[in-house]
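The values are calculated or read from the model by the stated rules, or taken from the named source; none is laboratory data. The structure displayed is predicted, hence computed values, not measured ones. Methodologically, a virtual Cβ is constructed for each residue, glycine included, from the backbone with ideal geometry; neighbour enumeration extends over all protein chains shown.
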Amino acid sequence: MANSKIFAYLQLTRPANVVTAVADIWAGFAIAGAWDAMATNWIYGDQDFWWNLLWLSLSTIGLYGGGVAFNDIADAELDAVERPERPIPSGRVSKKGAIGMASLLLLAGIACAFQVNLVAGGLAIAVAGCALLYDYWGKHQHIFGPINMGLCRSGNLLLGISVVPMLLERNWFLAFLPLVYVAAITIISRGEVHGKNRNALFLGAGMYTSIFVAIFILAFEKSPGYLQILPFLGFLGYRLFPPLLRAIRTQEPQYIGKSVKAAVLSLIVVNASIATAFSGWPIGLLILVLLPISLGLAKKFAVT
């Protein structure tokens, strides 16, 4: 009984998705040049960056887990009709218990970020605020909803960069990458229950394509070995477009759902590609190691 209760609470946090949020932080570290500094500092015995990596990874786990749990809390009545198997409508988790857990996760995420610096703490508060705004209002807005969801991920990437606060001013524009990508996922996901959203699927495909172009340009500008980005982008395309094309062809909810699931977990590949543009393929591969972990968790826990 205790194990089933724990499993139900874990379902609320969507563990497979949480791993993709950790990838945001690790990509942010690459943008900030922290991985190179960490390798040097390891040699000389300075562990600050490693501790910061731990604190910010824990922060995003709390922020993401708490944010998606509040999403289920906000949707409890709707899920009772459309997804009665979810933890709250099924009665496996009480709404009061879910609110308590989600609140503790968000507070823990904010507290962990403040262990790094004040800027990181402020960004964590902003991410938590964006998540709650989406859960209770933003997702019901046709235009602002996808932007709102994208802002959560944008803040998460900036949270990783904030390990070196002075670099935020120079690299803030990179927040548009996860914003556009996640907005595309959100637009596509609107057909997950009822289907028949071909225009949204085509729009999402165009937005995905813009991400490929932007990351390639980024790699071209940042590294003389920019061609090393191609295997990462090729892998990303392999994961994204076959399920999306099938969804476009059929417009059936189950195939749209599979496309959304593939895109959510492929956030790890997006982050690996961004990291490769800034820190080279070894860091990209390091982040890519998170993908099999996320895929494994996705077999036990729902992604959407």
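Find the residue count for segment 198-221, including only residues that are surrounded by 13 or more Cβ atoms within 10 Å (Cβ to Cβ), over 24 Å from the mean Cα position of the chain (by Cα) and farther than 23 Å from PRO146 by Cβ.
1
Scan segment 271-304 for residues that are aliphatic (A, V, I, L, M), in contact with a helix residue (DSSP H, G or I) (Cβ under 6 Å, 6 or more places away or on another chain) and assigned to a helix (DSSP H, G or I) and jot them down.
Hits for segment 271-304 are ALA272, ILE274, ALA275, ALA277, ILE283, ILE287, LEU288, LEU290, LEU291, ILE293, LEU297, ALA298.
I'd like the residue in segment 258-304 that is crowded, with 21+ Cβ neighbours inside 10 Å and in contact with an Asp or Glu (Cβ under 7 Å, 6 or more places away or on another chain) and, out of all such residues, is nearest to ASP36 (Cα to Cα).
Only one residue tops the list, namely SER279.
Tell me, yes or no, whether segment 94-108 has at least one residue that is over 17 Å from the mean Cα position of the chain (by Cα), at positive phi, of a type in the set (Gly, Ala, Ser) and not in a helix (DSSP H, G or I).
no
Cβ contacts < 9 Å: first residue more than 15 Å from ILE187 (Cα to Cα), restricted to segment 246-263; second residue crowded, with 20+ Cβ neighbours inside 10 Å and of a type in the set (S, T, N, Q), any location; separation 6+ or different chain. Result?
ARG246/SER259
Among the residues of segment 122-140, write down those that are surrounded by fewer than 20 Cβ atoms within 10 Å (Cβ to Cβ) and at pLDDT 95 or above.
Passing the criteria: GLY122, ILE125, ALA126, GLY129, LEU132, LEU133, TYR136, TRP137.
Hey, can you tell me all the residues within segment 69-93 that are part of a helix (DSSP H, G or I) and free of Cβ contacts under 8 Å to residues at least 60 places away in the same chain?
Result: ALA69, ALA76, GLU77, LEU78, ASP79, ALA80, VAL81.
Please find, among ILE73, ILE99, ILE31, the residue that is out of contact with any Gly (no Cβ under 9 Å at 6 or more places or on another chain), surrounded by 16 or more Cβ atoms within 10 Å (Cβ to Cβ) and of a type in the set (Val, Ile, Thr).
ILE73
So, in segment 245-257, of the ones that are of a type in the set (A, V, I, L, M) and farther than 27 Å from PHE7 by Cα, which residue ends up surrounded by the most Cβ atoms within 10 Å (Cβ to Cβ)? Spell out how you get there, then give the answer.
Residues of segment 245-257 that are of a type in the set (A, V, I, L, M), as a first pass: 245, 247-248, 256.
In the following step, the residues that additionally are farther than 27 Å from PHE7 by Cα were identified as 245, 247-248.
Working: LEU245: 14, ALA247: 28, ILE248: 20.
Ranking the candidates gives ALA247 first.
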